[in-house]
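K.L.:
This structure is in structure tokens; I'll ask about it shortly.
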Amino acid sequence: MTTTQPLQQSQERLLSLDAFRGLTIACMIMVNYPGTWDHVFGPLLHVEWNGLAPADLIFPSFIFMVGVSIAFAFRKRLDAGQSPAAMRNKVLIRASKLFLLGMFLYMLVPIITNTLNRTWGTFDFLKYFTEDLRYTGVLHRIALVFLACGLLFIYTKPRTQLAVCILFLIGYWLCMSYIPMPGRSAAQNTLIEAAATSDTDTVIDSDVGFDLWKSLDTLLRTPTVDLRPGDNLATWVDSKLLPGRPWWGEWNHERNWEEWKKTEPNMQPWDPEGFLSTFPAISSGLIGIFVGLLLLGQRSQERKAIILFFSGALLMAGGYVWGLVHPINKSLWTSSYVLFSSGFACTVLASCFYYMDILGRKRLLHFAVVFGCNAITIYCLAAVMGMFLYGNHFGFFGAESGGGLNDCVMNWLLTNVPGCTAKCASVTYALLFVCVNFIPAWILYKLKIYIRL
């Protein structure tokens, strides 16, 4: 049977890869653009801090697919004899384009606003680029993960990549769990100071000396850092390295961190796509590379699907168990979150792979393939359309309307559809917005135009 034949590297790319990528993009758009943020069903909201919701599994699934795509594209080029230097240059160029595209999308609103209002003469460029502009985000993280994973794939062997993946996961866990940030809370200070005094079990009689092994045992059993928004090592590192503003709050590089935390304990800034949390995100991409290499291997397709299913289950179980001591947290991209989300991505990809590439059934997920063939392009297009249709950023719906197309749709649904609740109207708008973005995706797909940013 043809379904039991190994996948040849020269074969056309698997439809399941495009389908899964397209599903993540469609879900991203649905989650990011509800009718109103005041009325959203729970599964479509990100968990505020520790824990997991379905919405929290979408972005890491795309990062996972970045790794899978690297394995497929780069292995073919290496086998064709393309030089590592040429591939390295392409990685650098593409990563730069993705990062700059993310910056452009952030700058698009002030560009359009100041152009329409003719206020460029009074625009404070220095303040904007140093304080108001955010330098991290979804496309930025994709760019950095693609850069790191691409270079690792070109210049290292899978065994080295596995070692780097494990190193990043364990190293990040240890750093976040046992290294407190400057200006930590009084409770944390008390715990750490108590652990270092003779009143605790970590210090033996002065005549005997310091018991290193008992200290290490106590340290590993009791993490000294309680991860809280804006009160963790990742936030402190980001505040020192990142310019501009974070996702929440604002950095103040001149502020005395300890004094600031005492006077403003509930206003700590933080960024879910910060610098330090990029390292475990790279591990998410590396796990995707390992899955891509599995799919390119010489095993039968059925065996590959089975391995994917069981690997996904083991990763999710490992992430759950690790989460008992190292919380699953999307905002910090914790190591337990990497394992659980990668396991989820493995099981979904295995399902798509079995359904489309083994059973040969394609109709049900054809819409996802259409989205997946130009995934980044559609994501950016949705962001641009959202600026005009979601809200009233530029006054196109009238200065007194107070809203945009989303409010118009919400009001119409609530007025004309019997029994329609605010949450139902909100998710209906989100689904309609996904359909609107499907139109250009379908046109590009029919014209066989695949934009590789």
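K.L.:
Which one of these does residue 288 not meet: (1) modelled with pLDDT of 95 or more; (2) more than 30 Å from residue 234 (Cβ to Cβ); (3) not basic (Lys, Arg)?
P.N.:
(2)
K.L.:
Right, another one. Of the numbered conditions (1) aromatic (Phe, Trp, Tyr); (2) surrounded by fewer than 18 Cβ atoms within 10 Å (Cβ to Cβ); (3) in contact (Cβ under 8 Å) with a residue 24 or more places away in the chain; (4) under 27 Å from residue 247 (Cβ atoms), residue 146 satisfies every one except a single condition; which is it?
P.N.:
Condition (2) is where residue 146 drops out.
K.L.:
Conditions: (1) in contact with a helix residue (DSSP H, G or I) (Cβ under 9 Å, 6 or more places away or on another chain); (2) loosely packed, with under 12 Cβ neighbours inside 10 Å; (3) closer than 30 Å to residue 390 by Cβ; (4) not hydrophobic (A, V, I, L, M, F, W, C). Residue 132 meets all but one. Number of the miss?
P.N.:
For residue 132, the failing item is (2).
K.L.:
Count, please, the residues in segment 10-59 that happen to be of a type in the set (S, T, N, Q), within 18 Å of residue 356 (Cβ to Cβ) and modelled with pLDDT of 90 or more.
P.N.:
2
K.L.:
Now for a separate question. Could we say that residue 389 is more than 25 Å from the chain's Cα centre (by Cα), within 30 Å of residue 94 (Cβ to Cβ) and either modelled with pLDDT of 90 or more or surrounded by 16 or more Cβ atoms within 10 Å (Cβ to Cβ) (or both) here?
P.N.:
Spelling it out, it is not the case that residue 389 is more than 25 Å from the chain's Cα centre (by Cα), within 30 Å of residue 94 (Cβ to Cβ) and either modelled with pLDDT of 90 or more or surrounded by 16 or more Cβ atoms within 10 Å (Cβ to Cβ) (or both).
K.L.:
For residue 227, indicate whether it is under 28 Å from residue 136 (Cα atoms), of a type outside the set (Ser, Thr, Tyr) and modelled with pLDDT under 85.
P.N.:
yes
K.L.:
Continuing with this model, one more query. Go through segment 88-113 and give me each residue that's out of contact with any Ser or Thr (no Cβ under 9 Å at 6 or more places or on another chain) and at pLDDT below 85.
P.N.:
Answer for segment 88-113, where residues must be out of contact with any Ser or Thr (no Cβ under 9 Å at 6 or more places or on another chain) and at pLDDT below 85: 109, 112.
K.L.:
If you don't mind, there's one more thing I want to ask. Sort through 179, 170, 204 and tell me the only one that's at pLDDT 95 or above and surrounded by fewer than 17 Cβ atoms within 10 Å (Cβ to Cβ).
P.N.:
170
K.L.:
Now, a different point. Within segment 270-285, is there a residue that is modelled with pLDDT of 80 or more and of a type in the set (D, E, K, R)?
P.N.:
yes
K.L.:
Name the residue, out of 47, 66, 40, that is assigned to a helix (DSSP H, G or I) and either surrounded by 21 or more Cβ atoms within 10 Å (Cβ to Cβ) or touching a residue at least 40 places away in the same chain (Cβ under 8 Å) (or both).
P.N.:
On inspection, the qualifying residue turns out to be 66.
K.L.:
So which residues in segment 297-313 are small (Gly, Ala, Ser) and under 22 Å from the mean Cα position of the chain (by Cα), if there are any at all?
P.N.:
Listed by number, the residues that qualify are 311, 312, 313.
K.L.:
While we're on this one: Taking the stated definitions as given, is residue 59 under 13 Å from the mean Cα position of the chain (by Cα) and either crowded, with 24+ Cβ neighbours inside 10 Å or closer than 17 Å to residue 339 by Cα (or both)?
P.N.:
In short, yes.
Here's the yes/no breakdown for (1) over 21 Å from the mean Cα position of the chain (by Cα); (2) not charged (D, E, K, R):
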| position | (1), (2) |
| --- | --- |
| 315 | no, yes |
| 325 | yes, yes |
| 345 | no, yes |
| 357 | yes, no |
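The values are calculated or read from the model by the stated rules, or taken from the named source; none is laboratory data. Predicted, not measured: the structure shown is a model, and the values here were computed from it. Glycine also receives a Cβ, built like all others from the backbone with ideal geometry; neighbour counts cover every protein chain displayed.
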